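The values are calculated or read from the model by the stated rules, or taken from the named source; none is laboratory data. Keep in mind that what you see is a predicted model, and the values were worked out from it rather than measured. Virtual Cβ from ideal backbone geometry, glycine too; neighbours counted across all protein chains shown. All accessible areas refer to the heavy atoms of the entire protein, side chains included, with ligands and DNA or RNA removed. Shrake-Rupley method; radii C 1.70, N 1.55, O 1.52, S 1.80 Å.
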Amino acid sequence: MEIHTDVLVVGGGLGGVAAALALLKAGRSVVLTEEYDWLGGQLTSQAVPPDEHTWVERFGVTAGYRALRDGIRGYYRDHYPLTGRARAWGELNPGAGWVSRLCHEPRVAVAVIEAMLAPYRGSGRLRVLQPYRPAGADVDGDRVTAVTLAHRDTGARVTVSAPYVLDATETGELLPLTGTEYVTGFESQAETGEPSAPAEAQPQNMQAISVCFAIDHVDGDHTIERPRTYDYWREYQPEFWGDRLLSWRAPVPRTLEPVERSFTPNPDGDPMDVLGDQRRFGGDLDLWTFRRIAARRNFEDGAYASDITLVNWPMIDYFDGSIIDVPDADRHLEAARELSRSALYWMQTEAPRPDGGTGYPGLRLRGDITGGADGLAQAPYIRESRRIRALYTVPEQDLSLALRGTEGAVRYRDSVGVGMYRIDLHPSTGGDNYIDVGCSPFEIPLGALIPRRMDNLLAAAKNIGTTHISNGAYRLHPVEWNIGEAAGTLAAFCLDTSATPHAVRKKDELLADYQDRLVRSGVELHWPQVRGY
């Protein structure tokens, strides 16, 4: 099959969805592809509640991302048996998790995303190819002319041609397929000038991936089958961890001090007493409530037998090997799933309890919540992608709070949005411990979305021009959405004006017109006077 469209968006995560919406609102036709069963990426198929900044309820995200958040809260009010108190809670947090002011079940976000896209499917201007992954590309000089996609299950192939192609995949899959220059892992200090960079580049040194899963705690014995590699993971102890990986003890990311976490299923606290604010503290010392996605006390009596919590905790970080540009990526992906199964089995059978006993057999794997065939999330949570060699690469010194101080992050002439998150790197495949340091509220430069050479390929997710270090701040939910929205708006602008992305960034008049289009669509280009954390 062959399809032609105005813009091809490969990857249906938050960046891809935002890009598609921006293009569709601009009157363009779009083919959007996704290899998993749900659109939404880290918010849905990867089952990660949104990591957001302190000011998210007031400013610092795009109008499109706010519509997504409002839609999630509206869905709960329309369809869930909330208590009257929860229903009246303006900033409803269904899960009352510490990680975010909006913790929720992944399927709700899927429903809202599908509703946002539904009118364009009906009109025929949006075609979603799912589950498809990129398998090849046709390139003519510095232009991508077509991308071939293969059905995940059957192998059936579709070729899509388009004047513009956006790579919104989780790992920058189009970059090697199209010959687009890119970088992986840790750059050298000589290249980036970053104080925290190593003397020599480490292209295979990347952040851990995690295969998340949801659990509740109910009566009965719900112990899973002993995982095949459980003995390996049971004894696994990284040098810097302070204990075995499968334990309640792990380094605190901001201090690196090994600290015992608490674990109390179904605490009786008031959900409204939980305020997800990562400016105050990271929140993961209380594991059950850290990423809780359904707080039973937010719902009418009997609706939920238990809270539901999302396990994206230190013990499931997999850093035994990289999954990018290696011949054994599938082996590492399966090993990451085995680690997660082993973590659950350890909690069910051997984890120490406050009463002196061991194991919580009442922990029940909720694969129905995450949609994974094996009970885990459908997709791994991938924190670090291939990254384009961009017109501008954001270094640590542009946003580090320690380096920028009261000056705040660098203000870019070509800003296309804003973001805020600590520079947060999980343990890596190169043996590094956490790097988690303060960050200034930052901007997203257009130059980071545009490859140095390619004319019609744009980065639309975590594959923009950041470094290994700055990616730690740019990789989260609202920033990925903003990146995708900016990329989609740029492609539509270029089609409307016959300008190239390079020209838009270079020429002041074109840049101003493009930025004006962003602002009119609800994209904030600069921060008010706020200090980072």
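Here are some notes:
- Any chance GLY447 is open to solvent by less than 10 Å² (accessible area, probe 1.4 Å), in contact with a strand residue (DSSP E or B) (Cβ under 9 Å, 6 or more places away or on another chain) and under 22 Å from VAL519 (Cβ atoms): yes
- Pick from the stretch 220-241, criterion open to solvent by 20 Å² or more (accessible area, probe 1.4 Å) and closer than 24 Å to ILE469 by Cβ, ranking: farthest from the chain's Cα centre (by Cα): GLU239
- Residue under evaluation VAL108, criteria (1) assigned to a loop (DSSP other than H, G, I, E, B); (2) under 16 Å from ALA295 (Cβ atoms), criterion not met: (1)
- Near pairs, Cβ below 8 angstrom, 6+ apart or cross-chain, from the stretch 53-82 (in contact (Cβ under 8 Å) with a residue 60 or more places away in the chain) to any residue that is open to solvent by less than 10 Å² (accessible area, probe 1.4 Å) and small (Gly, Ala, Ser): HIS53/GLY60; HIS53/GLY419; GLY60/GLY419; THR62/ALA18; THR62/GLY417; GLY64/ALA18; TYR65/ALA18; LEU68/ALA109
- For the stretch 242-258, a residue qualifies if it is among the hydrophobic types (A, V, I, L, M, F, W, C) and exposed (fewer than 15 other Cβ atoms within 10 Å of the Cβ), and exactly one does: LEU256.
- MET272, sole failed condition from (1) of a type in the set (A, V, I, L, M, F, W, C); (2) within 22 Å of TRP89 (Cα to Cα); (3) open to solvent by less than 40 Å² (accessible area, probe 1.4 Å); (4) modelled with pLDDT of 95 or more: (3)
- Residue match in the stretch 34-46 (condition: under 30 Å from ARG143 (Cα atoms), part of a strand (DSSP E or B) and modelled with pLDDT of 95 or more): no
- Taken over the stretch 268-283, residues that are over 12 Å from ARG101 (Cα atoms) and of a type in the set (Asp, Glu) amount to 2.
- Selection status of ALA486, crowded, with 23+ Cβ neighbours inside 10 Å, in contact (Cβ under 8 Å) with a residue 24 or more places away in the chain and out of contact with any helix residue (DSSP H, G or I) (no Cβ under 8 Å at 6 or more places or on another chain): no
- Residues that are free of Cβ contacts under 8 Å to residues at least 40 places away in the same chain and open to solvent by less than 40 Å² (accessible area, probe 1.4 Å) within the stretch 93-119 comprise VAL108, ALA111, listed in sequence order.
- Residue pairs whose Cβ atoms lie under 9 Å apart, separated by 6 or more positions or on different chains, with the first residue in the stretch 365-377 and part of a loop (DSSP other than H, G, I, E, B) and the second open to solvent by 20 Å² or more (accessible area, probe 1.4 Å) and among the hydrophobic types (A, V, I, L, M, F, W, C), are GLY375/ILE224; GLY375/LEU365; LEU376/LEU365.
- Search result, residues across the stretch 1-33 that are outside any loop (DSSP other than H, G, I, E, B), open to solvent by 10 Å² or more (accessible area, probe 1.4 Å) and under 19 Å from VAL144 (Cβ atoms): GLU2, ILE3, HIS4
- Within the stretch 448-468, residues that are aliphatic (A, V, I, L, M) and part of a helix (DSSP H, G or I) sit with their Cβ atoms under 7 Å from residues that are open to solvent by 10 Å² or more (accessible area, probe 1.4 Å) and modelled with pLDDT of 95 or more, at 6+ positions apart or across chains, in these pairs: ALA448/TYR392; ALA448/THR393.
- Test: residue in the stretch 44-59 that is closer than 25 Å to ALA20 by Cβ and over 18 Å from the mean Cα position of the chain (by Cα): yes
- Residues of the stretch 291-325 that are acidic (Asp, Glu), within 23 Å of ARG87 (Cα to Cα) and buried (at least 22 other Cβ atoms within 10 Å of the Cβ): ASP307 alone.
- Filter pass, HIS426 being open to solvent by 10 Å² or more (accessible area, probe 1.4 Å), within 30 Å of PRO49 (Cβ to Cβ) and touching a strand residue (DSSP E or B) at 6+ places or on another chain (Cβ under 7 Å): yes
- Entirely in the stretch 120-219, the strands (runs of 3 or more DSSP E) that have 2 or more residues that are surrounded by fewer than 20 Cβ atoms within 10 Å (Cβ to Cβ) and free of Cβ contacts under 8 Å to residues at least 24 places away in the same chain: 132-140, 143-151
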